[in-house]
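Take a look at the structure set out below.
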Amino acid sequence: MVEWTECGEQKIGVIDCNKSSGTNPIIDRISDVGYDRLEFVVMSHPHHDHFSGLLPLLKYCLSEKFPVGFFAYTTREISAFWNSLVLSNNEQDDLADIFRIIRKMEDSGLLEARGIGTDQMRALELKDGIKLQFLAPSEKERDAFASTLYDENGRVKDKPEANLVCSVLM
């Protein structure tokens, strides 16, 4: 969670969202402070410990008509990639539901934009020259990841190197 004040207005953005003891501290914080919008949400990479709280957060945003400026993720929706993730069936369902809700939010005007962080925005302006810069993954890193997807016979590997497409922000 990144919080800042701009022109007297409190703002919030989220980088990954994990449940903690069955609760979602991001939703709790949004309610406690009274935010009226998320400036951005970044899913750094699709490992469950980085997105387990994202589905409840997005469901909250959709049901409460709570707008989000930008949703950034790290790799294109390549079926071989998604099929290769080592996730339980429930985790796979959650990941698919995240993107379904993102599309619903986009269709309803609650989400302004979405895309690969490094493709869509090189930096998020937070305030007075303070930026959150996307450093990775680059196309080179995505290519390196793609090379781990398939074995020598062209079959999808069981465990590609998903960390190669992890967002790096500064």
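The values are calculated or read from the model by the stated rules, or taken from the named source; none is laboratory data. All of these numbers come straight from a predicted model, not from anything done at the bench. Virtual Cβ from ideal backbone geometry, glycine too; neighbours counted across all protein chains shown. All accessible areas refer to the heavy atoms of the entire protein, side chains included, with ligands and DNA or RNA removed. Shrake-Rupley method; radii C 1.70, N 1.55, O 1.52, S 1.80 Å.
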message: What does the charge count around GLY53 come to, taking other residues whose C-beta lies under 12 Å from its C-beta (Lys +1, Arg +1, Asp -1, Glu -1)?
response: -1
task: Kindly flag which residue pairs out of LYS11/LYS131; LYS59/LYS131; LYS11/LYS65; LYS19/LYS59 have an alpha-carbon separation exceeding 20 Å in this structure.
output: LYS59/LYS131
statement: Residue-ordered couplings for segment 44-55, obtained by feeding phi - 60° into the Karplus form 6.51 cos²θ - 1.76 cosθ + 1.60 and rounding to whole Hz (Gly and Pro as x), are 4, 6, x, 9, 3, 5, 9, 10, 4, x, 5, 4
message: Give the residue list of GluC sites (Glu not before Pro) in segment 1-67 that are DSSP loop and have at most 13 other beta-carbon atoms within 10 angstrom.
response: GLU64
query: Of the accessible area of segment 3-69, with the probe set at 1.4 angstrom, what percent is carbon plus sulfur?
result: 45 percent
message: Let's test the formula: R0 of 30 Å, r as the Cβ-Cβ distance of ASP93 and ASP32. What FRET efficiency results, to the nearest 0.05?
response: 0.50
message: How much length would be gained if the chain were fully extended between ALA144 and ARG100, taking 0.36 nm per residue of separation minus their Cα-Cα distance, in nm to one decimal?
response: 13.1 nm
